[in-house]
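One structure is given here, and the rest of the page talks about it.
The values are calculated or read from the model by the stated rules, or taken from the named source; none is laboratory data. The structure displayed is predicted, hence computed values, not measured ones. Neighbour counts are summed over all protein chains in view; Cβ atoms, including those assigned to glycine, are modelled from backbone coordinates with ideal geometry. The protein model used for the area step is the full one, side chains on, heavy atoms only, and it has no ligands, DNA or RNA in it. Shrake-Rupley method; radii C 1.70, N 1.55, O 1.52, S 1.80 Å.
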Amino acid sequence: MITDKKEHIINVAIELFAEKGFEGTSIRDLAAKADVNIAMVNYYFGSKDKLFEAMVEHKSTYMKERLEEISNDKKKTEIQKIDAVVEIYVNRILSQHHYHRLIHQEIMLQQREGVHESIISMFSKNLQIIKNIIEQGIKKKVFKKVDVELTAATLTGTINQVMLSKAMCCMLITKEKGIN
């Protein structure tokens, strides 16, 4: 269980990392903005890399729990479950856009091996739940037989691409033509 103070530090870190970048944010900046002392940040996390890893774990654990709830819901069909997955991803990205931009920047840049591996590990657990829903849909003949891995990757990749691109999102939502 994450403490309120620890979660507060994580939330401030997300804000600062999004504003100044990981490299541009010091532990001193973080402690000042969070109104805690540097020793508290070091006590909870030990380093800026470990803080980033804790941030990823905290946020992805929340999503994993929501995905498991969807997957285990006996009242929903597999189509309804996939609809719910899309809805939760879109809502999460919209409500936490700084965090998601930060994560995708880290994935693309691959500057910190431990952080990168932590992100991939957490996301792969969530992706497995989506793949399980698709596999169940195939078994029940609700879905056509498809490449499960490619379908799950396409689903999550499309959501991320659209939601992280303001111009793309506006074009699709408002259906306006000619937006560059």
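Pairs from the list 6/48; 59/145; 76/144; 81/141; 81/131 with a Cα-Cα gap above 21 Å: 59/145. Once the Cα atoms are used to define both axes, helix 113-139 deviates from the longest principal axis of the chain by about 20 degrees. Dipole magnitude for the stretch 1-95: computed about the Cα centre from +1 point charges on Lys and Arg Cβ and -1 point charges on Asp and Glu Cβ, it is near 100 debye. Residue-normalised convex hull volume from the C-alpha trace of the stretch 1-114: 116 Å³ per residue.
Averaged over its residues, the chain has an accessible area of 60 Å² per residue, based on protein heavy atoms and a 1.4 Å probe. The tail of the calculated P(r) for the stretch 44-180 beyond 20 Å holds 52 percent of all Cα-Cα pairs. The aspartates and glutamates within cross-link reach of residue 74, meaning a Cα-to-Cα straight distance under 17 Å and a gap of 8 or more places when in the same chain, are 65, 83, 135.
For residue 23, the shell of other residues with beta-carbons less than 11 Å away shows a net charge of +3, using +1 for Lys and Arg and -1 for Asp and Glu.
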